[in-house]
Amino acid sequence: MRLRPASPTTSPRPSSGRRARPARRDGRVVAALVAVLASAALASCAGPGSTPSGRSGEWVAFGPFEKPAELRDEPGLPGPATVRIPGVGTARLDAATLLPGETVVSEVYAVTLNEQVPMLAGIVQVIGPDDAEGDATLVTVALGIGAEPSPRVLTRTTLFAGPAHTSELAAVSDLGVVAVLVEGELQPGEPATTRTIGVDVARGTQVWWKDGGYVAYGEQEATRYVAAARDACVESVEEFAVASGRTLTTRTYDDDVCHPVPADAAR
Amino acid sequence: MTTAAPSPAVDSPEAFAADLRALRRAAGDPTLAALSARTGISKSVLSEALTGRRLPTERTVVKLVEAFTADPGPWIARRGSLGSRAVASSATQETADPADDGARPGWRSRRLALWQTLAIAAASAALAAVGTSAFFLGGSHAQASLPPGENASGPYLAAANGVDPMRTACKEDAIIAASEPRFDRQVQVQLLYSNDCMAMWGRVTRYDGASSGNTLTMRVYPADDPDGARSQERSAGDLQSIYTPMIVEPDVDARICGVATLTIDGEIVDLGPALCG
């Protein structure tokens, strides 16, 4: 079974409620609380889309499931949110419930398949334990979630744990793998950079990763624009298979024209 | 420099990690990268050991403490004391660094008493004899004599050679002991390990979207006895991912290896050299 194609009106990047507000590295617990509060504030500013529950009464396709119609322009489903599962009813996706006892900073959900069975993927940021230096950490995890009336976590895979960073849903496949773009100080003492990670949420394992660049959202296949920064000129463009991370095509710009990173890959 | 492991009255993995950090500072506070280069242990494993996220294994403790030019003996004893108190806790499988041999806080020590080892061996023999791997769709060494569907339902089975790991509690604490992409990155060949069961099994997953009409096969075997009766194999069609039956291996120094193949339009593709862990 293949996932349904994206809505023609789908915008590749959401604009709110799904990127974590980073904790300041030196602020320890205070910074962590700031991050949570800032995230909550950001979510509240985003209006009804931040806590979608289908209040309008309309639903749109979300893979084999349905999500509130007001989120039709989002490739994923920012949480907490309600999803409709055919034959089951509605189910509440709330990372605070899925991960009891953890402080959730951000959450977004996607759909994939475990063999032929549809399931949900959650990209969640939580406050982690202090690092060896006593600084607060942020942890991005990918959850494999059973599509049931009371969704439950089937797998949990840590994608990155460290200082302030953001995480975005970058692409999905119907082979259990979703791609997540992580951006921040990924190597201690080095400048902020990006890493796109393919994680198989059906089996709870990281499959591939690509360092650098910005990914335009895609299903089954996606495009990565390699550039030093979001506002820098693109050096090359790679199309890749989301499930395996395998490069399908590569195009290198060797002219004198500055090709910007497309807006849909840089938000 | 401190060479003995402090041993507080009420010890915990967190206190253990805090004392490791103190030892690190006393050793000049080397960076994780430097420690990783010195010990051959990944930075993520070292970080988890130093932050207390996981109770490090004995091997990690030895290498880490030696890197701090201290005597690992007292630290090993203390680590063993912590490990033997704990109980298994994880309910989900979490991806591990392929080099990650760390145990989470609360995990039991891997070493067993003699009676436990013998009990496992006896259980292995008994269960292998009746061939409890009939759950599998494909063939394994123990499957031929089984009534179909024997393991299709019911409570967890005991860990034993030839048993489907998904029918045991072993899956609850499984970590990925080794993992490599093969076939132009379109396939992942992996070995999974359960510390609680001291069992290992293989998994092969294809990401080429060509499961339909094709077959996956994987065989796992003890490195020192590749063709022995303990080796396990599974082959199945129309699936994206398969597990092998498990091999119980109480010997902490023994290695288990796995080899896999797949088919594409009926043609068998060898997925490369053995993966061992």
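The values are calculated or read from the model by the stated rules, or taken from the named source; none is laboratory data. Please read these numbers as outputs of a predicted model, since none were measured by experiment. Here the Cβ positions follow ideal geometry from the backbone for every residue, glycine too, while neighbour counts run over all protein chains shown.
Below are the figures for this structure:
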item	result
Elements of type strands (runs of 3 or more DSSP E) contained in the stretch B:199-251, each with 3 or more residues being buried (at least 24 other Cβ atoms within 10 Å of the Cβ) and not acidic (D, E)	B:199-206, B:215-222
Answer from B:D265, B:D238 - the residue that is acidic (D, E) and without any contact (Cβ under 8 Å) to a residue 40 or more places away in the chain	B:D238
Near pairs, Cβ below 6 angstrom, 6+ apart or cross-chain, from the stretch A:176-202 (within 28 Å of B:S211 (Cβ to Cβ)) to any residue that is of a type in the set (F, W, Y) and not in a loop (DSSP other than H, G, I, E, B)	A:I197/A:W209; A:G198/A:W208
Qualifying residues in the stretch A:202-221 (those that are surrounded by fewer than 24 Cβ atoms within 10 Å (Cβ to Cβ) and among the aliphatic types (A, V, I, L, M)) - the one farthest from A:E235 (Cα to Cα)	A:A202
Per-region count, the stretch A:185-201, residues surrounded by fewer than 20 Cβ atoms within 10 Å (Cβ to Cβ) and under 26 Å from A:Q220 (Cα atoms)	2
Residues that are within 14 Å of A:A121 (Cα to Cα) and of a type in the set (V, I, T), drawn from the stretch A:151-195	A:V153, A:T155, A:T157, A:T158, A:V172, A:V177, A:V178, A:V180
Breaking point among (1) at pLDDT 95 or above; (2) under 17 Å from A:T247 (Cα atoms), for B:D184	(1)
A:Y253, sole failed condition from (1) within 14 Å of chain B (Cβ to nearest Cβ); (2) more than 23 Å from the chain's Cα centre (by Cα)	(1)
Identity of the residue in the stretch A:224-250, of a type in the set (D, E, K, R) and within 21 Å of A:I197 (Cα to Cα), that ends up farthest from the other protein chains (Cβ to nearest Cβ)	A:R230
Selection count, the stretch A:100-156, where residues are among the charged types (D, E, K, R), facing chain B (nearest Cβ under 9 Å) and in contact with a strand residue (DSSP E or B) (Cβ under 6 Å, 6 or more places away or on another chain)	2
Residue check, B:A254 hydrophobic (A, V, I, L, M, F, W, C), within 24 Å of B:D173 (Cα to Cα), at pLDDT below 95 and under 16 Å from the mean Cα position of the chain (by Cα)	yes
Some residue of the stretch A:233-242 being out of contact with any Asp or Glu (no Cβ under 8 Å at 6 or more places or on another chain), free of Cβ contacts under 8 Å to residues at least 60 places away in the same chain, of a type in the set (G, A, S) and more than 25 Å from B:L46 (Cβ to Cβ)	yes
Strands (runs of 3 or more DSSP E) contained entirely in the stretch A:139-198, each with at least 1 residues that are over 17 Å from the mean Cα position of the chain (by Cα)	A:152-162
Scan of the stretch A:187-217 for residues that are more than 11 Å from chain B (Cβ to nearest Cβ), aliphatic (A, V, I, L, M) and closer than 23 Å to A:T247 by Cα, ordered by number	A:V215, A:A216
Criterion violated by A:A229 - all others in (1) without any contact (Cβ under 8 Å) to a residue 24 or more places away in the chain; (2) touching a Phe, Trp or Tyr at 6+ places or on another chain (Cβ under 6 Å) satisfied	(2)
Enumeration of residues in the stretch B:154-184 that are in contact (Cβ under 8 Å) with a residue 12 or more places away in the chain and assigned to a loop (DSSP other than H, G, I, E, B)	B:Y156, B:A158, B:A159, B:A160, B:N161, B:G162, B:V163, B:D164, B:A174, B:F183
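Condition check ((1) surrounded by fewer than 21 Cβ atoms within 10 Å (Cβ to Cβ); (2) under 23 Å from A:R92 (Cα atoms); (3) acidic (D, E)) across all residues:
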position	(1), (2), (3)
A:R156	no, yes, no
A:E168	no, yes, yes
A:V172	no, yes, no
A:V182	no, no, no
A:T247	yes, no, no
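For every residue, the table says whether it meets (1) within 12 Å of another protein chain (Cβ to nearest Cβ); (2) of a type in the set (V, I, T).
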| position | (1), (2) |
| --- | --- |
| B:F183 | yes, no |
| B:M200 | no, no |
| B:D208 | yes, no |
| B:S212 | yes, no |
| B:T215 | no, yes |
| B:V220 | no, yes |
| B:P226 | no, no |
| B:A229 | no, no |
| B:S241 | yes, no |
